[in-house]
Amino acid sequence: MQIKATDKSLLDWTGDTLALGFCEGATELTGDLAQLDEKLAGTLQELIAEEEFEGKTATSAVTRIGGKNNFRKLILIGLGKTEDLKVATYRTTAAAIARLATKDTSLGISLPLEGEPSAIAQAITEGIHLALHQDNRFKSDPEEKAPKLETVDLLGLAGQDAAISKGETIVSGVILARELVNAPANELTSITMAETAQQIATEYGLEIEILEQADCEKFEQGMGAYLGVAKASDIPPKFIHLTYKPQGTAKRKLAIVGKSLTFDSGGLNLKVGGSGIETMKMDMGGGAATLGAAKAIAKLKPDVEVHFICAATENMISGKAMHPGDILKAANGKTIEVNNTDAEGRLTLADALVFAESLEVDAIVDLATLTGACIVALGKNIAGLWSTDEPLASELKTAAETAGEKFWQMPLEDKYFEGLKSQIADMKNTGPRAGGSITAALFLKQFIKDTPWVHLDIAGPVWSDKPNGINNSGGTGFPVKTLVEWVLG
Ligand code: BES
Ligand code: MN
Ligand code: ZN
């Protein structure tokens with residue numbers, strides 16, 4: 001499917017379906033719209049009146065146009081109040097339009113334009129592609145339900161081809177992340193995840209190192225926490241480190257660390273009775289978004305050095321499994337009493353964060369499907385954000401705003417670390433039920449010395465049970481867009 005910016009006016013555009021956007025309370029027809037209505041013998045005005053269409057957010061009206069007209073279907077879509085218009089509004093509006101036009105072959109979109117045209121064109125592009133993307137790879141007939149849309153013309157956005165192309169590059173990263181999340185654990189393992197990273201490296205010229213188990217044992221004081229989790233798996237752990245370096249000197253050095261549990265059974269603290277074990281292929285959502293961001297960033301070529309780190313493995317049970325009560329030593333020498341084997345993500349991240357900090361980067365962002373508690377706190381659509389550094393937290397929040405992805409900053413309440421105190425080791429890996437996503441963040445903080453750090457708990461938004469905004473059901477590719485916008489600055 002091709003998205004193009006066009007200088008055609010509303011009156012000359014020809015194709016299947018024309019979508020017209022209106023802000024709330026701004027449905028009087030003036031200028032080109034009045035002329036279009038005249039050409040359509042008043043159909044537009046009639047549709048507005050009959051459907052009582054007022055331009056409110058997420059409202060729409062659709063009608064067929066008879067006779068010899070330039071197009072045969074008309075969609076009206078509401079963008080809400082003019083003063084509330086944001087870049088993200090264009091993204092979700094475009095997604096809604098795309099869903100109303102999946103059976104058509106050509107679509108024209110004309111929206112009221114308030115703001116930076118390049119940002120708008122990029123957001124519309126992202127919204128259309130992401131709403132139409134369906135992962136049919138595991139169906140015997142992948143073409144069965146594929147959308148028919150072939151071309152989309154953006155009216156009023158002539159000259160924005162670079163912005164469209166940027167949006168498409170970001171989309172390619174989001175779709176990679178979605179596909180990695182959707183792929184089940186019998187398909188997507190530490191090995192295939194490392195192969196995916198290798199493909200990105202080869203295709204886009206990134207540096208790659210894969211630390212095998214023996215390499216992980218040798219790193220600093222040994223990655224005992226990560227390897228403790230990996231022990232029960234028959235599949236070898238793969239510690240993935242991809243590096244993007246710009247041509248000239250880098251303005252900054254950043255690290256992105258993604259939790260990469262290709263399956264989380266809970267370990268000997270097995271996930272039983274309604275704890276959603278069958279959904280735990282998504283537990284590498286952080287790593288998936290890390291690789292998705294790597295792909296997009298490698299194509300967009302910012303002046304920033306970025307390290308992408310995924311400590312990939314699965315949390316399984318076997319005679320070799322770590323026992324509840326085992327004591328592990330992380331690469332920085334800190335010891336951990338594993339009082340719950342199901343709090344495995346933080347164990348893998350502990351060593352990955354020590355590794356990231358050893359690269360002497362200016363900032364570290366980790367992203368993880370870390371706790372059910374974060375979903376309880378913030379629901380399915382909002383991720384938690386914790387940070388040791390307010391300016392860095394602000395950078396992420398600004399990027400998220402542009403990306404249309406929701407985060408809510410949560411406290412790094414040091415006092416709660418008391419809940420992780422161990423009699424026998426430096427800390428336990430889990431505390432009391434109350435504040436579970438906060439103690440998880442405090443645990444991770446033990447593995448960061450002084451590099452500005454942001455932790456994102458993405459357990460909710462990584463997966464969607466039903467179509468919602470730009471997402472379809474399944475992996476969402478959250479928060480690839482935020483990561484890319486953050487790195488681009
Ligand atoms: N991967 C899970 C968290 C999770 C839960 C992600 C639901 C997505 C949806 C994580 O490894 C986990 O099991 N966390 C435990 C922590 C507990 C043992 C302290 C949890 O949230 O129950
Ligand atoms: Mn777990
Ligand atoms: Zn997990």
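The values are calculated or read from the model by the stated rules, or taken from the named source; none is laboratory data. Fair warning: this is a prediction, and the values are worked out from it, not measured in the lab. With ideal geometry, Cβ positions are generated from the backbone for all residues, glycine too; neighbour counts draw on all protein chains shown. When the accessible area is computed, the model is the full protein with side chains, heavy atoms only, and any ligands, DNA or RNA have been set aside. Shrake-Rupley method; radii C 1.70, N 1.55, O 1.52, S 1.80 Å.
Miscellaneous remarks
- Scan of the stretch 241-270 for residues that are among the hydroxyl-bearing types (Ser, Thr, Tyr), within 16 Å of ligand 3 (Cβ to nearest atom) and not in a loop (DSSP other than H, G, I, E, B), ordered by number: 260, 262
- The one condition from (1) within 15 Å of ligand 2 (Cβ to nearest atom); (2) buried (at least 23 other Cβ atoms within 10 Å of the Cβ) that residue 297 does not meet is (1).
- Residue in the stretch 257-265 that is over 20 Å from residue 186 (Cβ atoms), more than 12 Å from ligand 2 (Cβ to nearest atom), surrounded by 18 or more Cβ atoms within 10 Å (Cβ to Cβ) and more than 18 Å from the chain's Cα centre (by Cα) present: no
- Filtered by the rule that a residue be assigned to a helix (DSSP H, G or I) and open to solvent by 30 Å² or more (accessible area, probe 1.4 Å), the stretch 177-188 gives a lone residue, 179.
- Filter result (small (Gly, Ala, Ser) and either part of a helix (DSSP H, G or I) or buried (at least 20 other Cβ atoms within 10 Å of the Cβ) (or both)) within the stretch 133-176: 156, 162, 163, 165, 167, 172, 173
- Some residue of the stretch 397-406 being within 30 Å of residue 245 (Cα to Cα), aliphatic (A, V, I, L, M) and within 16 Å of ligand 3 (Cβ to nearest atom): no
- Screening residue 321 against (1) open to solvent by less than 40 Å² (accessible area, probe 1.4 Å); (2) over 19 Å from residue 182 (Cβ atoms); (3) within 24 Å of the chain's Cα centre (by Cα) leaves a single unmet condition, (3).
- The number of residues in the stretch 272-320 that are in a loop (DSSP other than H, G, I, E, B), of a type in the set (A, V, I, L, M, F, W, C) and away from ligand 3 (no atom under 16 Å from the Cβ) comes to 1.
- The numbered conditions (1) of a type in the set (Ser, Thr, Tyr); (2) open to solvent by less than 20 Å² (accessible area, probe 1.4 Å); (3) within 25 Å of residue 432 (Cβ to Cβ) are all true for residue 313 except (3).
- Here the condition is being within 16 Å of ligand 3 (Cβ to nearest atom), in contact (Cβ under 8 Å) with a residue 12 or more places away in the chain and open to solvent by less than 10 Å² (accessible area, probe 1.4 Å); of 436, 475, it holds for 475 alone.
- Residue check, residue 410 within 16 Å of ligand 1 (Cβ to nearest atom), modelled with pLDDT of 95 or more and closer than 26 Å to residue 196 by Cβ: no
- Every residue from the stretch 190-201 that is open to solvent by 20 Å² or more (accessible area, probe 1.4 Å) and not acidic (Asp, Glu): 191, 192, 196, 198, 199
- Looking at 368, 383, 400, just one residue is touching a His at 6+ places or on another chain (Cβ under 8 Å) and within 30 Å of residue 472 (Cα to Cα), and that residue is 368.
- The listed residue being out of contact with any Leu (no Cβ under 8 Å at 6 or more places or on another chain), open to solvent by 10 Å² or more (accessible area, probe 1.4 Å) and within 16 Å of ligand 2 (Cβ to nearest atom), out of 332, 381, 339: 339
Here's the yes/no breakdown for (1) within 16 Å of ligand 1 (Cβ to nearest atom); (2) hydrophobic (A, V, I, L, M, F, W, C); (3) touching a Lys or Arg at 6+ places or on another chain (Cβ under 9 Å); (4) assigned to a strand (DSSP E or B):
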{"site": "400", "(1), (2), (3), (4)": "no, yes, yes, no"}
{"site": "417", "(1), (2), (3), (4)": "yes, yes, yes, no"}
{"site": "423", "(1), (2), (3), (4)": "no, no, no, no"}
{"site": "433", "(1), (2), (3), (4)": "yes, no, no, no"}
{"site": "443", "(1), (2), (3), (4)": "yes, yes, yes, no"}
{"site": "449", "(1), (2), (3), (4)": "no, no, no, no"}
{"site": "455", "(1), (2), (3), (4)": "yes, no, yes, yes"}
{"site": "477", "(1), (2), (3), (4)": "yes, no, yes, no"}
{"site": "486", "(1), (2), (3), (4)": "no, yes, no, no"}
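- Checking residue 20 against (1) surrounded by 19 or more Cβ atoms within 10 Å (Cβ to Cβ); (2) in contact with a Pro (Cβ under 9 Å, 6 or more places away or on another chain), the condition it does not meet: (2)
- Here is the figure for the stretch 344-368: residues that are open to solvent by 10 Å² or more (accessible area, probe 1.4 Å) and within 16 Å of ligand 2 (Cβ to nearest atom) total 1.
- All strands (runs of 3 or more DSSP E) inside the stretch 8-82 with 2 or more residues being of a type in the set (Val, Ile, Thr): 60-64, 73-78
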